[in-house]
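A.B. asks: Please read through the structure below; I'll follow up with questions.
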Amino acid sequence: MELPMSISVKVTIEDWDGDGAIRIPDEVLQALEVDVGDSLYVSEEFVGSERCLVLSRTPKLPDRIDELVESWKIQTIQPE
């Protein structure tokens, strides 16, 4: 079973005409195979007790997020 790729990138929330905005780095857009003008879905999820934002090209159902989070746990547990 091939596990999904995981990328962690620090971003800064910027002011954009009074609203908070996050610039998504080009390497993240390339990894998601999206470009300017494409749509992404943002989901708030928990990994353990840590709150996370998840970007996706498709809407996720709660059980799909559970599968994704489980794969992260497996990647974390397995030594490199």
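A.B. asks: Of the residues that sit in the stretch 6-54 and are within 22 Å of residue 70 (Cα to Cα) and charged (D, E, K, R), which one is modelled with the lowest pLDDT?
C.D. replies: Here the answer is 45.
A.B. asks: Scan the stretch 13-53 residue by residue and report those that are touching a strand residue (DSSP E or B) at 6+ places or on another chain (Cβ under 8 Å) and of a type in the set (S, T, N, Q).
C.D. replies: 43
A.B. asks: When the stretch 44-58 is examined, which residues are found to be under 9 Å from the mean Cα position of the chain (by Cα) and either of a type in the set (Val, Ile, Thr) or farther than 15 Å from residue 6 by Cβ (or both)?
C.D. replies: 54
A.B. asks: Which of the residues belonging to the stretch 9-55 are charged (D, E, K, R), loosely packed, with under 10 Cβ neighbours inside 10 Å and either assigned to a strand (DSSP E or B) or in contact with a Leu (Cβ under 6 Å, 6 or more places away or on another chain) (or both)?
C.D. replies: 15, 19, 44, 50, 51, listed by residue number.
The values are calculated or read from the model by the stated rules, or taken from the named source; none is laboratory data. Given the structure is predicted, the values throughout are model-derived calculations rather than measurements. All Cβ positions, even for glycine, are placed from backbone atoms using ideal geometry, and neighbour counts span all protein chains on display.
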